[in-house]
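Engineer: Have a look at this one.
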Amino acid sequence: MEKGLEPIEDNLELVQRRSVRRFKLTNVFSWILDGFSMDHGAFYTIKNLFYRPGEMVRSYLYQGRLDFTPPIRLLLVTTTLVLIAFKYSSVNQFTIETLKGPDASLSSSEGSAYIMKMLEDYTNVILWLFIPCMALFSWLFNRKSGYNYAENLVLNTYYTVFVNIIFLMFLADKWIDNSILMTIYIILSTFHYMLSLKGMFQVTWIKSFWQTILIFVITLIFYSISITVMMTTLMFYFTETGQLPN
């Protein structure tokens, strides 16, 4: 068995020796600040993130935190890769057109055009907001597991790192249609989240499957409502003032 991935229940002495503190909300600020320095373990972390993400997160939280690169560090780096993919592929335009839908009138007004530009310019920030939303629902669905909300933030941040990495597949849009790439992207990201839940919370494949679907759907609804409220508020502001920010 690989270093750092031993079952928690079989390695209590290692836990005591390393004195790894439980991850709590009070640790989040220092965890974010810690994200601005890179150290060893990135490739080891990514390797385990791809094939045993849930077990890796459990080990990071309770056993060998020094063996893995913290998720916030990888999130910052992989977000840069996503921005590169947006710049050098057509996926950004594909995403914006999908959001607009078949009705081109959505971008007919000056205010709507500005909002669509915001979605384009701040895609990374908008996507990051999925992390606390998904963490909330993964925590609610698995409260009996004993993991707190902050630990679910860690799980979902690592998951976002994974989807950021596979997002690079859109650089192949010159040879493969974006709709095909998007389908592959959705399948891989869905399966990986199932794998993450199964390993983290020690649940069955069936339970991880329905939890994944529910978490995705509920998060998307909750997130969509939040974005809609924000966009409606901006549109109201534009209508009342008749001005747009530069």
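Here, each number is a calculation from the coordinates, and none is a lab measurement. Model, not experiment: these values are computed from the prediction. Every residue, glycine as well, gets a Cβ built from its backbone with ideal geometry; the counts of neighbours run over all protein chains shown.
Engineer: Sort 57-67, 142-152, 128-138 by the packing proxy (mean of other Cβ within 10 Å over each peptide's residues), most packed first.
Structural biologist: Sorting 57-67, 142-152, 128-138 by mean packing, highest first, produces 57-67, 128-138, 142-152.
Engineer: If you don't mind, there's one more thing I want to ask. FRET efficiency for ILE84 and ARG143, Cβ-Cβ distance as r, R0 = 30 Å, nearest 0.05?
Structural biologist: Once rounded, the FRET efficiency stands at 0.20.
Engineer: Can you compute the FRET efficiency between PHE43 and PHE236 using 1/(1 + (r/R0)^6), with r the Cβ-Cβ distance and R0 = 41 Å? Round to the nearest 0.05.
Structural biologist: 0.25
Engineer: For the pair PHE50 and SER226, how long in nm is the line joining their label points, each one 7 Å along Cα→Cβ?
Structural biologist: It works out to 3.1 nm between the two label points.
Engineer: A further question on this structure: Could you sort 189-201, 169-181 so that the peptide with the highest average Cβ count within 10 Å comes first and the rest follow in order?
Structural biologist: My ranking of the peptides, most packed first, is 189-201, 169-181.
Engineer: With θ taken as phi - 60° and the coefficients 6.51, -1.76 and 1.60, list the Karplus ³J(HN,Hα) couplings across the stretch 58-65 in order, rounded to whole Hz; mark glycine and proline as x.
Structural biologist: 4, 5, 4, 6, 10, 10, x, 4
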